[in-house]
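Asks: One structure coming up, written as structure tokens, with questions to follow.
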Amino acid sequence: MAIECLVLGAGQEVGKSCVVVTFGGGKRVMFDCGMHMGHRDSRRYPDFDRLLADGAADYTAAISCVVITHFHLDHIGALPYFTEVCGYHGPVYMTYYDCAALVYPFQQYPTKALAPLMLEDYRKVMVDHRGEEEQYSYEDILRCMRKVIPLDLKQTIQVDKDLSIRAYYAGHVLGAAMIYAKVGDAAIVYTGDYNMTPDRHLGAAQIDRLKLDLLITESTYAKTVRDSKHAREREFLKAVHKCVSGGGKVLIPAFALGRAQELCILLDDYWERMNLKIPIYFSAGLTIQANMYYKMLIGWTSQKIKNSYTVHNPFDFKHVCHFERSFINNPGPCVLFATPGMISGGFSLEVFKKWAPSEKNLVTLPGYCVAGTIGHKLMSGKPTRIDIDKDTHIDVRCQIHQLSFSPHTDSKGIMDLTEFLSPSHVILVHGEKPQMAFLKERIESELGMQCCYPANNETVSIPTSQNLKINATEKFIVSFCMDETENDPQKQNLNFGGDMPQGCRTEGVAEGVLLMEKSKTPKILREDELLHSLGMETHFVHFEPLHPSSIEVKHTGESAVQQSSLEHLDCE
């Protein structure tokens, strides 16, 4: 039996994450259903038609379930299109947090609560501001969310009698999860996006040690080992302070959920310590609304935030306020968080057009920017001019500052997780091809695991191991435990039940006989139990040592007579 892995998105690229895994028995799971922020044509969405290649009547018949790891658009942006336009009506799972102490019922569903905000904001940017054809409506988003089934951390969900899934805390953003999926003996983990180091508002990823055939891991920073978080924070604060002290404006393009909150905590604390009066702004109501959710979903944040929450909610920012469009041309310094990140459109692009021509101003890019976005062009060098379309261009004279506050794990984190889980095979997704090739070589040479990084629309077949259930007799288990118990009277009374006896070691080496009979479960037993089990009597053969014999030859005429003495030869 093999696991088939079809990469519909994030294959040798960052964007539109969508991986479809087929287990034995035809069980098929779609992990994430994202869109590509850098494309405006058919490449924006995964090629869902490939799911019908094996003759399935429709998408609902082709897929056992969809599991969404978190609310970022490159992981969820195509979901309303898949459910409401393509017509998938099967189960969709997203994380929630079961905390009865929280007041609002939607607080329990971070991904389900926050995803509609991201989806509707993007839809409005594309349709209302860019004038693109509507791919799905606001009503489609609401109908899609009504299909969602909540998935709690470390809760095993039985999708059907064969397929089970379980979520683990991934860090990265509020509600992000790594997904463990199992059918029979075949088991995989799909990481989605994760972070192996804690930051100011989120904890590090956490997962059990699992027996896996396959690990599918993101590799955004496959070749990058970050320096210390404190050094990056100091550099960021220094650049921002220098700009505003000189009368300049700072544009921080960031997605409304995640890095915006992380950097707001950092700046709000710095402003308080330095007694600065320069305004810090949020660009739109979306981020204000997002902060409201962050205040209520404290259960998903870092331990430091949880501990201080009863005294002060760190998302109640003292120095951050709402930004009106009329403020764009106001004189004087300020700091502005504008969505979307990567300057892929929307208000961040509108502000960039106004502020980029001034040498006093600063654009700081705190995270990864996909190819095709203005953010990526700025990170690739310092251009003096950027063409938006054939009729629009921007003169770029402002300062450009790139600093990684990305919520993705780095190369060391990927290696640490892979070594900890020790899967038989590794598939890299959500990364750039040259860096993925480098990481593949490291995984194979340093960890001894088979690794690959398929392109979009490629299928990889992963062989799986099959576990054999073997019963063990009570005498064998007792003999296995003897080394532990023979010198410890307190452990000599072993209690048997469904599990290993109390006081018995769980690892070690013991000798026994494996008995395999037709139509019966194999069992392992002691040697002295074998004959009894086969209905045979016990026979013993004793050998005594052979003593030297003496031979005397006497001549009597023409004949010779031999006399020998064989003593103590005994055989029973």
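Asks: Here are some residues: 408, 393, 401. Which one is open to solvent by 10 Å² or more (accessible area, probe 1.4 Å), under 19 Å from residue 261 (Cβ atoms) and not polar (S, T, N, Q)?
Replies: Working: 393 fails: under 19 Å from residue 261 (Cβ atoms); 401 fails: under 19 Å from residue 261 (Cβ atoms).
Result: 408 is the single residue among 408, 393, 401 that is open to solvent by 10 Å² or more (accessible area, probe 1.4 Å), under 19 Å from residue 261 (Cβ atoms) and not polar (S, T, N, Q).
Asks: Go through the range 5-37 and count every residue that is over 16 Å from residue 455 (Cβ atoms) and either buried (at least 21 other Cβ atoms within 10 Å of the Cβ) or touching a strand residue (DSSP E or B) at 6+ places or on another chain (Cβ under 8 Å) (or both).
Replies: Initially, the range 5-37 is screened for residues over 16 Å from residue 455 (Cβ atoms), giving 21-35, 37.
In the following step, the residues that additionally are either buried (at least 21 other Cβ atoms within 10 Å of the Cβ) or touching a strand residue (DSSP E or B) at 6+ places or on another chain (Cβ under 8 Å) (or both) were identified as 21-25, 27-35, 37.
Residues flagged as over 16 Å from residue 455 (Cβ atoms) and either buried (at least 21 other Cβ atoms within 10 Å of the Cβ) or touching a strand residue (DSSP E or B) at 6+ places or on another chain (Cβ under 8 Å) (or both) within the range 5-37 amount to 15.
Asks: Restricting to the range 438-478, count the residues that are open to solvent by 40 Å² or more (accessible area, probe 1.4 Å) and modelled with pLDDT under 95.
Replies: Residues in the range 438-478 being open to solvent by 40 Å² or more (accessible area, probe 1.4 Å) and modelled with pLDDT under 95: 12 in total.
Asks: What are the residues in the range 411-421 that are open to solvent by less than 10 Å² (accessible area, probe 1.4 Å) and acidic (Asp, Glu), if any?
Replies: Answer for the range 411-421, where residues must be open to solvent by less than 10 Å² (accessible area, probe 1.4 Å) and acidic (Asp, Glu): there is none.
Asks: Of all residues in the range 221-253, which are open to solvent by less than 10 Å² (accessible area, probe 1.4 Å) and of a type in the set (Gly, Ala, Ser)?
Replies: Passing the criteria: 222, 248.
Asks: Let me ask another. Residue 435: under 30 Å from residue 48 (Cβ atoms) and open to solvent by 70 Å² or more (accessible area, probe 1.4 Å), yes or no? Give the steps one after another, and end with the answer.
Replies: Details: under 30 Å from residue 48 (Cβ atoms): yes; open to solvent by 70 Å² or more (accessible area, probe 1.4 Å): no.
Taking the combined requirement at face value, the residue does not satisfy it.
Asks: Looking only at residues in the range 125-168 that are touching a helix residue (DSSP H, G or I) at 6+ places or on another chain (Cβ under 8 Å) and among the aromatic types (Phe, Trp, Tyr), which one is surrounded by the most Cβ atoms within 10 Å (Cβ to Cβ)?
Replies: Among those residues, the one meeting the criterion is 136.
Asks: Here's another thing I want to ask about it. Hey, could you check the range 491-550 for residues that are modelled with pLDDT of 65 or more and polar (S, T, N, Q) and say which is nearest to residue 471 (Cα to Cα)?
Replies: Filtering the range 491-550 for residues that are modelled with pLDDT of 65 or more and polar (S, T, N, Q), the one nearest to residue 471 (Cα to Cα) comes out as 521.
Asks: Same structure, new question: Restricting attention to the range 196-211, which residues are open to solvent by 10 Å² or more (accessible area, probe 1.4 Å), touching a residue at least 60 places away in the same chain (Cβ under 8 Å) and more than 9 Å from the chain's Cα centre (by Cα)?
Replies: Residues satisfying the conditions are 196, 197, 198, 199, 200, 203, 207, 209, 210.
Asks: Let me ask another. Just one of 307, 313 is under 34 Å from the mean Cα position of the chain (by Cα), open to solvent by less than 70 Å² (accessible area, probe 1.4 Å) and free of Cβ contacts under 8 Å to residues at least 60 places away in the same chain; which is it? Even if it seems obvious, please write down each step before you answer.
Replies: Details: 307 fails: open to solvent by less than 70 Å² (accessible area, probe 1.4 Å).
That would be 313, the only listed residue that is under 34 Å from the mean Cα position of the chain (by Cα), open to solvent by less than 70 Å² (accessible area, probe 1.4 Å) and free of Cβ contacts under 8 Å to residues at least 60 places away in the same chain.
Asks: Which condition number does residue 281 fail, the rest of (1) within 25 Å of residue 71 (Cα to Cα); (2) open to solvent by 30 Å² or more (accessible area, probe 1.4 Å); (3) at pLDDT below 75 being met?
Replies: Among (1) within 25 Å of residue 71 (Cα to Cα); (2) open to solvent by 30 Å² or more (accessible area, probe 1.4 Å); (3) at pLDDT below 75, residue 281 violates only (3).
Asks: Take residues that are in the same structural domain as residue 12 (by TED's automatic domain parsing) and either in contact with a strand residue (DSSP E or B) (Cβ under 9 Å, 6 or more places away or on another chain) or without any contact (Cβ under 8 Å) to a residue 24 or more places away in the chain (or both) and tell me which of the helices (runs of 4 or more DSSP H) falling wholly in the range 323-421 contain 3 or more. Give the derivation first.
Replies: Details: elements: 346-355, 374-379, 411-421.
Here the list reads 411-421.
Asks: Same structure, new question: Provide a single number: the residues in the range 306-322 that are touching a Gly at 6+ places or on another chain (Cβ under 9 Å) and in a helix (DSSP H, G or I). Break it down into steps so the answer makes sense when it comes.
Replies: Here is the first cut: in the range 306-322, the ones touching a Gly at 6+ places or on another chain (Cβ under 9 Å) are 306, 322.
Applying the additional criterion that residues be in a helix (DSSP H, G or I) yields 306.
Final tally of qualifying residues: 1.
The values are calculated or read from the model by the stated rules, or taken from the named source; none is laboratory data. Keep in mind the model is a prediction, meaning the values are calculated, not measured. Glycine also receives a Cβ, built like all others from the backbone with ideal geometry; neighbour counts cover every protein chain displayed. These accessible areas exclude ligands, DNA and RNA; they are computed on the full protein's heavy atoms, side chains included. Shrake-Rupley method; radii C 1.70, N 1.55, O 1.52, S 1.80 Å.
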